[in-house]
Amino acid sequence: MRDPVESVKKEKDIASIYTLYVDDLFTYGCYLGFESEIVKDAIHDVFIKVTTGSDKLDNISNIKFYLFKSLKNRLLDIHKNLKEHIGLEDIDPTLQIPFNIPVNVEELMIEKEEQVQIKTGIEQMLSSLTDRQREIIYLRYVQEYDYDQIAELLHISVHGCRKLVSKAILSLREKYGIFFLLGYHSYFLLTLR
């Protein structure tokens with residue numbers, strides 16, 4: 001029989017975790033290209049799974065990473081279920097799904113005219129990357145995941161993860177040279193947050 005005090009304590013912990021991470025999870029799900037209602041449902045599914053597991057959170061070393069990975073897996077399951085005629089042999093854990101990052105530049109930082117110019121430049125830079133490169137840049141520099149976590153989340157090797165980040169940065173440097181290195185790099189990382 002479960003202790004009612006422990007049950008209430010666990011519910012409060014899960015509520016705190018939900019409050020702490022729900023916005024980041026929602027943003028990540030939307031960046032993956034899913035509609036907001038589907039993302040909300042998937043987040044709720046993840047937390048239902050966590051609450052029904054008796055000691056799930058006790059064995060997890062990085063709750064944020066666990067939630068991101070669970071959300072991505074749930075969204076992929078939803079994506080696969082939405083396809084009408086999918087065979088088991090067609091299911092691929094490395095499935096490429098669009099990853100788009102809307103750019104938000106703070107008005108207080110720069111004047112309106114410069115803001116439009118910088119936003120256009122950053123959107124152009126981001127659009128020059130592949131979906132996978134945009135996703136890995138987001139996970140590495142916005143969510144600040146380490147390479148091991150990103151590799152696990154994207155179903156690639158750590159070496160492949162490092163290589164992909166490096167190629168994305170190199171691609172931006174080659175295409176945008178001095179603009180990326182001087183001014184846009186700072187704004188680029190700020191606007192991804």
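The values are calculated or read from the model by the stated rules, or taken from the named source; none is laboratory data. Everything numeric here is computed off the predicted structure, so don't read it as measured data. As a convention, Cβ positions derive from the backbone with ideal geometry for all residues, glycine included, and neighbour counts pool all protein chains shown.
Before moving on, here are some points about what is shown:
- Members of the stretch 144-193 found to be polar (S, T, N, Q) and either outside any helix (DSSP H, G or I) or at pLDDT 55 or above (or both), listed by number: Gln149, Ser157, Ser166, Ser171
- When residues in the stretch 23-38 are screened for being within 12 Å of the chain's Cα centre (by Cα) and of a type in the set (Val, Ile, Thr), 1 of them pass.
- In this entry, Thr52 is excluded by the filter for residues that are assigned by TED's automatic domain parsing to the domain that holds Glu144 and either exposed (fewer than 12 other Cβ atoms within 10 Å of the Cβ) or at pLDDT 90 or above (or both).
- A search for C-beta distances below 6 Å between a residue of the stretch 67-84 that is within 13 Å of Leu32 (Cα to Cα) and at pLDDT 90 or above and any residue that is among the hydrophobic types (A, V, I, L, M, F, W, C) and in a helix (DSSP H, G or I), counting only pairs 6+ apart in sequence or on different chains, returns Lys69/Leu153; Leu71/Leu25; Leu71/Ala42; Leu71/Val46; Arg74/Ala42; Arg74/Val46; Leu75/Ala42.
- Selection of the stretch 123-138 for residues being within 22 Å of Leu25 (Cβ to Cβ) and among the acidic types (Asp, Glu) yields Asp131, Glu135.
- For beta carbons closer than 6 Å, sequence separation of 6+ or different chains, a first residue in the stretch 19-44 that is under 24 Å from Thr130 (Cα atoms) and assigned by TED's automatic domain parsing to the domain that holds Lys72 and a second that is part of a loop (DSSP other than H, G, I, E, B) and of a type in the set (Phe, Trp, Tyr), the qualifying pairs are Tyr31/Phe99; Leu32/Phe99.
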